[in-house]
Amino acid sequence: PAGCHDDVGEPLPRDKSIYLALLTCMFLHGSTAHLAGNMLFLWVFGNNVEDRLGRAKYLALYLAGGMAATMGFAAVHPHTTVPLIGASGAIAAAMGAYLALFPRGRILTAVATAAFQVVYIPAVIVLMLFFVTQFLTPDSNVGWEAHVAGMLAGFAAALLLRRLPSVRYREQEEQLDLTLRGGAHF
């Protein structure tokens with residue numbers, strides 16, 4: 001307790017696989033609330049990105065985005081011994097991909113005003129607010145640098161992936177579906 005912040009001077013284990021740790025840290029969580037929050041964001045943003053990219057490309061984006069998030073955190077904190085846990089960086093990559101693929105999307109959002117309201121807000125506003133607020137995070141236990149790096153990596157990857165013929169085809173199918181429904185939004 002009193003000495004937890006002291007440097008013990010012990011090196012990392014020689015047999016630790018850094019590459020495996022890049023992958024496995026995405027599947028550990030600090031609490032049930034952390035896991036539930038990540039699953040909520042994954043449900044809101046991830047399913048649309050997966051539909052657009054396809055399962056294999058989405059899985060690759062998710063894992064690569066999570067690893068980029070971890071490396072982004074490590075680049076800012078190269079000497080930290082605090083473990084980085086959680087899928088937040090990978091989910092931020094899915095959010096960045098959502099921003100690139102669905103900039104005009106609308107997100108059903110709970111807004112606290114004089115009366116509690118649930119309204120549709122443009123995805124670009126929701127996601128840019130998320131991005132900006134990461135720089136204002138006062139909690140030192142939150143790896144906001146991983147969120148930022150993940151979101152940037154997901155955005156960049158989606159810009160590249162959307163040029164693939166299979167992704168363009170899915171986008172055209174979605175547009176045709178909207179046209180057939182008469183532009184109605186559910």
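The values are calculated or read from the model by the stated rules, or taken from the named source; none is laboratory data. Just so you know, these numbers come straight off a predicted model, no measurement behind them. Don't worry about glycine lacking a Cβ; one is built from the backbone with ideal geometry, like all the others, and counts go over all protein chains shown. Calculation scope for accessible area: heavy atoms of the full protein, side chains included, ligands and nucleic acids excluded. Shrake-Rupley method; radii C 1.70, N 1.55, O 1.52, S 1.80 Å.
Somewhere in segment 157-172, is a residue open to solvent by 50 Å² or more (accessible area, probe 1.4 Å), modelled with pLDDT of 90 or more and closer than 30 Å to Thr80 by Cα? No: segment 157-172 contains no residue that is open to solvent by 50 Å² or more (accessible area, probe 1.4 Å), modelled with pLDDT of 90 or more and closer than 30 Å to Thr80 by Cα. The sole residue among Val76, Val148 that is buried (at least 18 other Cβ atoms within 10 Å of the Cβ) and among the aliphatic types (A, V, I, L, M) is Val148.
Here the condition is being farther than 17 Å from Leu42 by Cβ, among the β-branched types (Val, Ile, Thr) and open to solvent by 70 Å² or more (accessible area, probe 1.4 Å); of Val119, Val132, Val142, it holds for Val132 alone.
Which of the residues spanning segment 96-111 are of a type in the set (Lys, Arg) and not in a loop (DSSP other than H, G, I, E, B)? Matches in segment 96-111: Arg106 only.
Within segment 108-120, does at least one residue satisfy the condition of being more than 18 Å from the chain's Cα centre (by Cα) and within 19 Å of Ala69 (Cα to Cα)? No. Remark: pairs (first residue in segment 26-51, closer than 22 Å to Pro122 by Cβ and open to solvent by 50 Å² or more (accessible area, probe 1.4 Å); second residue among the hydrophobic types (A, V, I, L, M, F, W, C) and in a helix (DSSP H, G or I); Cβ separation under 6 Å; 6+ apart in sequence or on different chains) = Phe41/Ile91. With respect to the stated conditions, Leu84 is open to solvent by less than 70 Å² (accessible area, probe 1.4 Å), in a loop (DSSP other than H, G, I, E, B) and under 17 Å from Gln134 (Cα atoms).
Here Val124 meets the list (1) open to solvent by less than 90 Å² (accessible area, probe 1.4 Å); (2) within 23 Å of Leu28 (Cβ to Cβ); (3) part of a helix (DSSP H, G or I); (4) not polar (S, T, N, Q) almost entirely, failing just condition (2). Is it the case that Ala97 is touching a Phe, Trp or Tyr at 6+ places or on another chain (Cβ under 7 Å), surrounded by 16 or more Cβ atoms within 10 Å (Cβ to Cβ) and not charged (D, E, K, R)? Yes, satisfied. When segment 133-151 is filtered for residues that are of a type in the set (Asp, Glu) and part of a loop (DSSP other than H, G, I, E, B), only Asp139 remains. Checking the condition assigned to a loop (DSSP other than H, G, I, E, B) and more than 22 Å from Leu20 (Cα to Cα), which residue from Ala158, Ala114 passes? Sole residue among the options that is assigned to a loop (DSSP other than H, G, I, E, B) and more than 22 Å from Leu20 (Cα to Cα): Ala114. Selection of segment 161-186 for residues being outside any helix (DSSP H, G or I) and either within 30 Å of Gln134 (Cα to Cα) or of a type in the set (Asp, Glu) (or both) yields Arg162, Arg163.
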